[in-house]
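Single-structure report; data block below.
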Amino acid sequence: MTDQLKELRESNNLLNKPEALRERMAEEGYLFFRQLLNPEKLWDLRRQMLHKMKPWLVKGTDPFDGIADVTKQCTEGDLGYTDVYHEVYKLEIFHESAHWPEILGTVEKIIGRPTIPHPHKVARLWFPKYLDHTTPTHQDFVHFQGNFNTYTAWSPVGNCPIELGGLALLPGSHKVNRVLDHKFSLGAGSLCVDTDEFNVAWHTTNYEIGDTLIFPALTVHKALPNYTEDKLRVSLDNRYQAIEDTMSEHMQMPHLHGFSNLQWEDVYRDWKSDELKYYWKNLPIPTIPQDMSFSEKGFREALELAKTGNEHAKLHLNRAIQRDPNSPQAKAAKEVLAL
Ligand SMILES: O=C(O)CCC(=O)C(=O)O
Ligand SMILES: [Fe+2]
């Protein structure tokens, strides 16, 4: 495998050809579209999201520019991240954006059956120069589960040139047709895989607002590091599946609700429309329990690595202690760190 980045293949010419979309998805394990989402609507979303992120921005700058105060660096798992993230999470437009017909209609063409966005929407608010916390190489199935025909749609909320750290993937990697062995890592999801078995280059692009990358649950992907001096990277990664396929229970809860007990009532409090509130409740979605084995294995590995002095593992354990000092994980972490 080479370290050289290659350009994603654009599939806009197939947008009105569902069969061709499905064929290319089956062959390459992704579809990339330029300006699939409406830039005007996304700029509005960006403005509203960054307004909520003001505690992280350099005072006196225009929030729209997303200029980060790097002394505020934090990420998923940190209490300070949850506080700001969950304010962003309450925005009605943020949830609506996953239901916009341009994206939902496109994924529905790919799936070919009645399709639903997962209630558990996801945004990533990524600090600059925080390289250890870049999203590691993984398959989404370990995090979102349910079934292998779940699709992720990743869109930056703003332009996202390579140095801002957009998504990269290995074309064809979904053909492994199994869940790979994921190990502890820092970065979103805290799990990563080796890519030795894939003889293919990482593919990415200089994303512009509206561009969207869609891929199934087994495609191997990662984020590139945010090397910018001071810019936050803001992006959406939402998931879609056929209504008749199994969905994991946790995808019907707000993202990171376990860190703050955020409930849908809290999310909905200031919404103007009722249309998307509990929209999945009356649909016949076969729902299955979350499989905790992937994250539990990762945590056990972090405990072992911390014993050998691994700094990333120690950081991970300290976060668990900060979040909830009385949780079983925090207790195990305290024992190891006290060694
Ligand atoms: O945006 C990121 O850094 C992570 C996104 C991701 O892994 C995903 O969309 O599944
Ligand atoms: Fe992912």
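General observations
- Taking every protein chain into account, the 1.4 Å probe leaves R47 with about 130 Å² of accessible area, to the nearest ten.
- Unit charges on C-beta of K, R, D, E only; dipole of the chain, Debye: 320
- Extension gain for S327 to I162 (0.36 nm times residue separation, less C-alpha to C-alpha distance): 55.5 nm.
- The H on the amide N of A217, modeled in the peptide plane, is under 5 Å from the matching H of T150, each at least 5 residues off or on a different chain.
- For the stretch 259-327, applying the loop criterion from DSSP together with a ceiling of 16 other beta carbons within 10 Å to the GluC sites (Glu not before Pro) yields E275.
- Ranked by the mean number of other Cβ atoms within 10 Å of their residues, highest first, the peptides 327-333, 147-153, 195-201 fall in the order 147-153, 327-333, 195-201.
- In order along the stretch 118-126, the phi-based Karplus estimate (6.51 cos²θ - 1.76 cosθ + 1.60, θ = phi - 60°) of 3J(HN,Hα) comes to 4, x, 6, 7, 9, 10, 10, 10, 10 Hz; Gly and Pro are listed as x.
- Within the accessible area of the stretch 241-339 (1.4 Å probe), percent carbon and sulfur: 51
- Integer Hz, Karplus 6.51/-1.76/1.60 couplings in order for the stretch 260-268, x for Gly and Pro: 9, 6, 4, 10, 4, 4, 5, 4, 7
- Hz values of 3J(HN,Hα) by residue in the stretch 132-138 - Karplus curve (6.51, -1.76, 1.60), Gly and Pro given as x: 5, 9, 5, 4, x, 5, 7
- Partner aspartates and glutamates whose Cα lies under 18 Å from the Cα of K175, excluding those fewer than 8 positions away in the same chain, are identified as E23, E27, E28, D140, D194, D196, E197.
- The chain: relative contact order in percent, alpha carbon pairs under 8 Å with at least 6 residues between: 24
- Sorting 241-252, 278-289 by their mean Cβ neighbour count within 10 Å, with the most densely packed peptide first, gives 241-252, 278-289.
- Under a Gaussian network description of the chain, with springs only between Cα atoms under 10 Å, the residue in K277, K222, K183 that fluctuates furthest is K277.
- Solvent accessible area, Å² - M292, 1.4 Å probe, full protein context: 80
- Averaging Cα coordinates gives a centre for the stretch 218-271 and one for the stretch 178-203; these two points are 19 Å apart.
- Sparsely packed trypsin sites (Lys or Arg not before Pro) within the stretch 48-120, loop by DSSP, other Cβ within 10 Å at most 13: K59
- In the chain, Rg over Rh equals 0.94, where Rg is the alpha-carbon radius of gyration and Rh the Kirkwood radius from pairwise Cα distances.
- Rolling a 1.4 Å probe over the heavy atoms of the protein chains gives the stretch 270-332 an accessible area of 66 Å² per residue.
- By a 1.4 Å probe calculation restricted to protein chains, L15 has an accessible surface near 40 Å², given to the nearest 10.
- Of the solvent-accessible surface of the stretch 137-199, computed with a 1.4 Å probe over protein heavy atoms with every protein chain present, carbon and sulfur atoms account for 44 percent.
- Rounded percent of accessible protein surface that carbon and sulfur make up, the stretch 24-98, 1.4 Å probe: 50
The values are calculated or read from the model by the stated rules, or taken from the named source; none is laboratory data. This one's a predicted model, so the numbers in the text were calculated from it and none came from an experiment. Here Cβ is always computed from backbone atoms with ideal geometry, including for glycine, and neighbour counts include all displayed protein chains. Ligands, DNA and RNA are excluded from the accessible area calculation, which covers all protein heavy atoms including side chains. Shrake-Rupley method; radii C 1.70, N 1.55, O 1.52, S 1.80 Å.
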